[in-house]
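The values are calculated or read from the model by the stated rules, or taken from the named source; none is laboratory data. Small disclaimer: the values here were computed from a predicted structure and weren't measured. We place every Cβ from the backbone using ideal geometry, glycine too, and count neighbours over all the protein chains shown.
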Amino acid sequence: MALELRHLRYLLAVAEQGNFTRAAEELHVSQPTLSQQIRQLERTVGVLLLDRTGRAVRPTDAGQVYVDHARRVLRELAAAERAVHDVQDLSRGHVRLAVTPTFTAYLVGPVAAELHARHPGITLTVVEAPQDRIEADLLVDDLDLGIAFSGSHLSGINATPLFAEALTLVAAARHAATADKDPVPVQALGGQQLALLNGDFATRRHVDAYFSRHRVHPRITVEANSVQALAEIVQRTPLATVLPQATAYDHPRLVSIPLDPPLPTRTVTLLTRADTYQSAAARALTHLIHGHVRARGYDPG
């Protein structure tokens, strides 16, 4: 029997679900059909690929090796299909971008607007995710590009530095208009009411470490899981927050106030999977990201 791509997809579905019934539902085929196709595959390769003796169906040792290779084959075929359909004149295309959440307001928004203005035929998919999820999705070809921070990266990930992100105190312009233009000593924030991102964000952990290092204990009156929500709250209240300095650039009702000593900067990086095909749409978005960083004069770090 000739091996067909459906056999690989069926095997991966069973391996991932650990159950023939759930895999059949996911594939929209009957369970007997799925079982028959897996048995055909096992006869073709001449080895048992799935252990059916336990409560959950698991790959055998040989099956796990085959599953790993099958996953790579399907990933490379998907990349090949995108390459074949890639349109070099950028009249159409699709690019998948993931970012850690603080970049959405001040980086992704302007870049997406410019992409649409220059190449309206390109479809952009944007998701917010933790950095470890972004890198894992890049490796399995579920993403084309990621924007996150420098540090230790998964094997197979390329990280290109973009700029050094500076965090600062951000407040409503009407409340900060009479404030001294000199940096605010961090000790002045002791007991002050702040609105901050919640603990799920790396930015919040970075801010907490800064306060702890300087033995300062502000009152966290509001916690939010959205930069946009914080910006709205700060615009309408006397509360201040700590966000990337660039967040205030496009908000006429917000102003950034430097802290003394400043919070440590973090290097923002563009993440890609090493040795993979980059579509014309992905290359165009990469070019726009670098151009935006240069135009805004962000510190290269």
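When only residues in the range 130-169 that are within 13 Å of the chain's Cα centre (by Cα), at pLDDT below 95 and part of a strand (DSSP E or B) count, which is surrounded by the fewest Cβ atoms within 10 Å (Cβ to Cβ)?
149
Starting from the range 20-32, keep only residues that are of a type in the set (Phe, Trp, Tyr), then list their pairs with residues that are in a helix (DSSP H, G or I) whose Cβ atoms are within a distance under 7 Å, requiring at least 6 positions of separation or different chains.
Here the result reads 20/14; 20/31; 20/34; 20/35, each pair linking the range 20-32 to a residue that is in a helix (DSSP H, G or I).
Which of the residues that make up the range 170-181 are among the hydrophobic types (A, V, I, L, M, F, W, C), over 25 Å from residue 295 (Cβ atoms) and either in a loop (DSSP other than H, G, I, E, B) or at pLDDT 65 or above (or both)?
Answer for the range 170-181, where residues must be among the hydrophobic types (A, V, I, L, M, F, W, C), over 25 Å from residue 295 (Cβ atoms) and either in a loop (DSSP other than H, G, I, E, B) or at pLDDT 65 or above (or both): 171, 172, 177, 179.
Residues in the range 235-254 that are crowded, with 20+ Cβ neighbours inside 10 Å and either among the β-branched types (Val, Ile, Thr) or at positive phi (or both): how many?
So the count comes out to 3.
Would you confirm, using the coordinates I've provided, whether residue 12 is assigned by TED's automatic domain parsing to the domain that holds residue 70, in contact with a Lys or Arg (Cβ under 9 Å, 6 or more places away or on another chain) and under 20 Å from residue 73 (Cα atoms)?
Details: assigned by TED's automatic domain parsing to the domain that holds residue 70: yes; in contact with a Lys or Arg (Cβ under 9 Å, 6 or more places away or on another chain): yes; under 20 Å from residue 73 (Cα atoms): yes.
Taking the combined requirement at face value, the residue satisfies it.
Filter the range 250-301 down to the residues that are basic (Lys, Arg) and more than 17 Å from residue 106 (Cβ to Cβ) and list them by number.
Kept after step one, since they are basic (Lys, Arg), are these residues of the range 250-301: 253, 266, 273, 283, 294, 296.
If the condition is that a residue be basic (Lys, Arg) and more than 17 Å from residue 106 (Cβ to Cβ), then 273, 283 are the ones that fit.
Read through the list (1) surrounded by fewer than 18 Cβ atoms within 10 Å (Cβ to Cβ); (2) in a helix (DSSP H, G or I); (3) of a type in the set (Ser, Thr, Tyr), then give the number of the only condition that residue 203 fails.
Answer for residue 203: the failing condition is (1).
For residues that are of a type in the set (Ser, Thr, Tyr) and out of contact with any Leu (no Cβ under 7 Å at 6 or more places or on another chain), scanning just the range 180-233, find the one that is farthest from residue 264 (Cα to Cα).
Within the range 180-233, the subset of a type in the set (Ser, Thr, Tyr) is 203, 210, 212, 221, 226.
Going one step further and asking which of them are out of contact with any Leu (no Cβ under 7 Å at 6 or more places or on another chain), we end up with 212, 226.
Working: 212: 13, 226: 22 Å.
Applying the filter and picking the extreme gives 226.
Would you mention how many residues in the range 260-301 are in a loop (DSSP other than H, G, I, E, B) and surrounded by fewer than 18 Cβ atoms within 10 Å (Cβ to Cβ)? Break it down stepwise before answering.
Residues of the range 260-301 that are in a loop (DSSP other than H, G, I, E, B), as a first pass: 261-265, 274-279, 297-301.
Checking which are surrounded by fewer than 18 Cβ atoms within 10 Å (Cβ to Cβ) leaves us with 261-262, 264-265, 274-277, 297, 299-301.
The number of residues fulfilling the criteria is 12.
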